[in-house]
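**Q** Next up is a structure, given as structure tokens.
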Amino acid sequence: MSQEWNIRSRGHACSVCAQHFTDKQPCVSVLREMPEAFERRDYHTLCWRDEKRDWRPYSFWEGAYEAPPVVVKDEPVKKDTAETLLRRLILLEDPAMRNVVYVLAIMLERGKQLVERDAKPQEGGGILRVYEHKKTADIFTVLDPRLRMDEIGTVQQQVVAMLSGTTHLQTAAPVAPSAREAGAPVPS
Ligand SMILES: [Zn+2]
């Protein structure tokens, strides 16, 4: 699969019966691995249990549906938070931002905004981690590149600079050496 990270929003209706979830209703969230990307499905607990399927889920877990909050319009433009930065970077799909994306995800997990739901070692190296947003239930799939502690520290400094506005996204230096992206041997 080419996409190493992504965001998948929670569905508001069951994938089997198409009925809308009600607030606090127990549900099962499922990630299915497709050729191009993950597909997310949300189910009533019983609909998931009784569905006849010829495929195996990549990940699944139980949770409770939360009705989305009423959207407040005309919110003033705010500075990036770790979460908005993570969302923007994930959409960019820039391999040079891979380490930043991962460190942002750890920061949000430590801040109890994201919950890790699954972790799968990847053939190409690294671990694909599945995070769920505690409030919105969005799923973030993020590649954990297995950074060393000192590398994490360097990336964290970069993240802090990006959040404080001293580094702009367009000019941010790539964290990973370009040689690594091209598959060249990395000096150890
Ligand atoms: Zn259902």
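The values are calculated or read from the model by the stated rules, or taken from the named source; none is laboratory data. Note that the structure is predicted; figures quoted are calculated from it, not measured. Heads up, the Cβs are rebuilt from the backbone with ideal geometry, glycines too, and the neighbour counts pull from every protein chain shown.
**Q** I'd like the full set of residues that are among the charged types (D, E, K, R) and in contact with a strand residue (DSSP E or B) (Cβ under 7 Å, 6 or more places away or on another chain), limited to the stretch 94-144.
**A** R98, E109, E116, R117, D118, K120, R129, E132, K134, D138, D144, listed by residue number.
**Q** Could you tell me whether the stretch 36-49 includes any residue that is within 17 Å of the chain's Cα centre (by Cα), assigned to a loop (DSSP other than H, G, I, E, B) and not assigned by TED's automatic domain parsing to the domain that holds A137?
**A** Residues of the stretch 36-49 that are within 17 Å of the chain's Cα centre (by Cα), as a first pass: 36-42.
Those left that are additionally assigned to a loop (DSSP other than H, G, I, E, B): 36-37.
If we keep only those that are not assigned by TED's automatic domain parsing to the domain that holds A137 too, we end up with 36-37.
Scanning the stretch 36-49 turns up at least one residue that is within 17 Å of the chain's Cα centre (by Cα), assigned to a loop (DSSP other than H, G, I, E, B) and not assigned by TED's automatic domain parsing to the domain that holds A137.
**Q** Among the residues of the stretch 50-74, write down those that are part of a loop (DSSP other than H, G, I, E, B), in contact (Cβ under 8 Å) with a residue 24 or more places away in the chain and under 16 Å from A137 (Cα atoms).
**A** Step one: list which residues in the stretch 50-74 are part of a loop (DSSP other than H, G, I, E, B), which gives 51-58, 65-74.
When the remaining residues are screened for being in contact (Cβ under 8 Å) with a residue 24 or more places away in the chain, the result is 51, 57-58, 65-68.
Selection gives Y65, E66, A67, P68.
**Q** Examine the stretch 127-134 for a residue that is under 30 Å from A67 (Cα atoms) and assigned to a loop (DSSP other than H, G, I, E, B), and state whether such a residue exists.
**A** Taking the stretch 127-134 as the starting set, the residues that turn out to be under 30 Å from A67 (Cα atoms) are 128-134.
So of that shortlist, the ones also assigned to a loop (DSSP other than H, G, I, E, B) come out as 134.
Yes.
**Q** So L108 passes all but one of these: (1) surrounded by fewer than 19 Cβ atoms within 10 Å (Cβ to Cβ); (2) under 30 Å from Q25 (Cα atoms). Which condition number does it fail?
**A** (1)
**Q** Name the one entry in R40, R10, R88 that is more than 16 Å from the ligand (Cβ to nearest atom) and modelled with pLDDT under 95. Steps first, answer last, please.
**A** Numbers: R40 fails: more than 16 Å from the ligand (Cβ to nearest atom); R10 fails: more than 16 Å from the ligand (Cβ to nearest atom).
That would be R88, the only listed residue that is more than 16 Å from the ligand (Cβ to nearest atom) and modelled with pLDDT under 95.
**Q** Is at least one residue of the stretch 9-30 without any contact (Cβ under 8 Å) to a residue 60 or more places away in the chain and closer than 28 Å to N99 by Cα? If you could, list the steps in order and put the result at the bottom.
**A** Taking the stretch 9-30 first, the residues without any contact (Cβ under 8 Å) to a residue 60 or more places away in the chain are 11-28, 30.
Checking the rest, the ones that are also closer than 28 Å to N99 by Cα come to 30.
Yes.
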